[in-house]
Amino acid sequence: MSDLAPTLPVLYSFRRCPYAMRARMALWISGNAVNLREVKLANKPDALREASPKATVPVLQRPDGTVLEESLDIMRWALGRNDPEGWLARENAGLIKLFDGAFKHHLDRYKYPNRYADEPDYSKVDHRGEGLAILSDLDGLLSRQPHIGGEQRGFTDIALFPFIRQFANTDRDWFDAQPIPHVQQWLEDHLASDLFQSVMAKYAVWQPGDEPVVFGP
């Protein structure tokens, strides 16, 4: 039996990966259904490696065989097909670069300090402080408007949200005690959103021959 609904793209994803998370949110809001293949990062399937030698998630394999290997490209592709909330008009490339670069750098070393034990110049607490400094600047922006993109959520909100969520969850008691009330409220609003709840359903790890799992609203 075929494990592929023939006209749908295939999305290789991992539920908790922040890059996959933002791609799924854009696919969901745009109404683009996909065949979801949930993978286990410790045991990546051969089909993922064949689609993308990088073998990282998310990977979107379109019916014509072309592959998108970057989460932001998947977001733009989905929203280019249908953008009901006008997310693409609210893309702040500079902020996304900052969070995908410097903030992610500090987040990784704060959350997984043992992986970077050979980098002695900064401690876990130092990296946490650097991340907080970036969030403090973002708090100033959010003190003037409810979303990063303005009055409505947009591309940048969704691109940044999974990484800020990950930073907060590393030590939630500490995060909640910091003087960044607007970031904290913004985060809570996104966590409580129907969109986030919808894309965080749990799926079994995909195996070749499985019935297709159609992901979409």
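The values are calculated or read from the model by the stated rules, or taken from the named source; none is laboratory data. Just so it is clear, the model here is predicted, and its values are computed rather than measured. Cβ sites come from the backbone with ideal geometry, for glycine too, and all protein chains shown count toward neighbours. In case anyone asks, the SASA skips ligands and DNA or RNA and just uses the protein heavy atoms, side chains included. Shrake-Rupley method; radii C 1.70, N 1.55, O 1.52, S 1.80 Å.
Hey, Leu107 hits all of (1) part of a loop (DSSP other than H, G, I, E, B); (2) open to solvent by less than 30 Å² (accessible area, probe 1.4 Å) but one; which does it fall short on?
(1)
Mind checking which residues of segment 56-82 are over 15 Å from the mean Cα position of the chain (by Cα) and assigned to a loop (DSSP other than H, G, I, E, B)?
If the condition is that a residue be over 15 Å from the mean Cα position of the chain (by Cα) and assigned to a loop (DSSP other than H, G, I, E, B), then Arg62, Pro63, Asp64, Gly65, Thr66, Asn82 are the ones that fit.
Of everything in segment 17-55 that's open to solvent by 30 Å² or more (accessible area, probe 1.4 Å) and either in a loop (DSSP other than H, G, I, E, B) or hydroxyl-bearing (Ser, Thr, Tyr) (or both), which residue is farthest from Phe196 (Cα to Cα)?
Filtering segment 17-55 for residues that are open to solvent by 30 Å² or more (accessible area, probe 1.4 Å) and either in a loop (DSSP other than H, G, I, E, B) or hydroxyl-bearing (Ser, Thr, Tyr) (or both), the one farthest from Phe196 (Cα to Cα) comes out as Pro53.
Looking at segment 132-172, which of its residues are among the β-branched types (Val, Ile, Thr), part of a helix (DSSP H, G or I) and more than 15 Å from the chain's Cα centre (by Cα)?
We begin by selecting, within segment 132-172, every residue among the β-branched types (Val, Ile, Thr); these are 134, 148, 156, 158, 164, 170.
Then keep just the ones that are part of a helix (DSSP H, G or I); that gives 134, 156, 158, 164, 170.
Ile134, Thr170 - these are the residues of segment 132-172 that are among the β-branched types (Val, Ile, Thr), part of a helix (DSSP H, G or I) and more than 15 Å from the chain's Cα centre (by Cα).
Being modelled with pLDDT under 95 and part of a helix (DSSP H, G or I) is the filter here, so list the residues in segment 110-123 that pass it.
Pro113, Asn114, Arg115, Tyr116, listed by residue number.
Looking at (1) assigned to a helix (DSSP H, G or I); (2) within 24 Å of Glu38 (Cβ to Cβ); (3) open to solvent by less than 50 Å² (accessible area, probe 1.4 Å), which one does Gln197 not meet, given that it meets all the others?
Failed condition: (3).
Restricting attention to segment 132-149, and to residues there that are of a type outside the set (A, V, I, L, M), modelled with pLDDT of 95 or more and touching a Lys or Arg at 6+ places or on another chain (Cβ under 9 Å), which single residue is most open to solvent (accessible area, probe 1.4 Å)?
Our first condition is that a residue be of a type outside the set (A, V, I, L, M); within segment 132-149, this holds for 136-137, 139-140, 143-147, 149.
From what's left, modelled with pLDDT of 95 or more: 136-137, 139-140, 143-147.
After this cut, where a residue has to be touching a Lys or Arg at 6+ places or on another chain (Cβ under 9 Å) as well, the list is 146-147.
Working: Pro146: 64, His147: 39 Å².
Filtering first and then ranking leaves Pro146.
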